[in-house]
Amino acid sequence: MDHSYPYIASLTREPFLFYEMRSTAKLMSEGLSDEAIVTEIVEQNLFQYPTEKSITRMAKACMKRLHALEDETLVSAIASQPTEIAKQICLYAMMKQSRLVWEFMLTVIGEKYRLRDTSFGKIDLISMLIIVRFIRNVRSIGCLTAARRMALRHCYCRPGTAYCQCFHPASV
């Protein structure tokens, strides 16, 4: 991750998006152009969203995240591998696109793996936000507010399984 890459707040409107990423990856693996992929997703309403505008926006977000992988074999794996493997690659794509997710995974989840600590709670997310806000000197309130509501709090650590699984609990 390039540390000059800015913190972004787009994670609130572009969360994990696993099924959307998988659908987009399948079309990318077929060799379609970016424009053809968006057209196909919109015309077929592959994401089952209520408005065409939201479908187009999410399709472009998925393509941006998939392009961030910079590896056609990983894109193909999202399209064709079992769900758990594909989710891991999607999480990696999120890390490649978002500095905040990258730092969260390295500092919070990485430390939990190192300590073999299976606990995860709001305090872990809050401590990460404090680090970002004060030590990294990030002034973007939108970014930090987004982090409170985004997919980071939907990731939990399972030491011994070598991955973080994303889910949507009622509360973390």
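Coordinate-derived values only; no laboratory data. These numbers come from a predicted model, not from an experiment. Cβ placement follows ideal geometry from the backbone for every residue including glycine, while neighbour counts extend to all protein chains displayed.
Can you sort 13, 114 by how many other beta carbons sit within 10 Å, fewest first?
114, 13
Can you put 42, 75 in order, fewest other beta carbons within 10 Å first?
Values: 42 16, 75 22.
By the 10 Å Cβ count, ascending, the order reads 42, 75.
When 1/r is averaged over all different Cα pairs and the result inverted, which Kirkwood radius in Å belongs to the range 1-109?
Its Kirkwood hydrodynamic radius stands at 14.2 Å.
Among the aspartates and glutamates, which have Cα under 13 Å from the Cα of residue 64 when same-chain residues fewer than 8 positions away are ignored?
In chain and number order, the partners are 14, 20, 34, 35.
Hey, if you drop one equal point scatterer on each alpha-carbon of the range 54-136 and run the Debye formula without solvent, what base-10 log of I(q)/I(0) do you get at q = 0.17 Å⁻¹?
Calculated log10 I(q)/I(0) at the listed q: -0.83.
For a 32 Å ceiling on Cα separation, which of these pairs sit above it: 26/53; 26/122; 53/112? Write out the running numbers ahead of the final one.
Values: 26/53 21 Å; 26/122 35 Å; 53/112 40 Å.
From the list (26/53; 26/122; 53/112), the Cα-Cα distance tops 32 Å for 26/122; 53/112.
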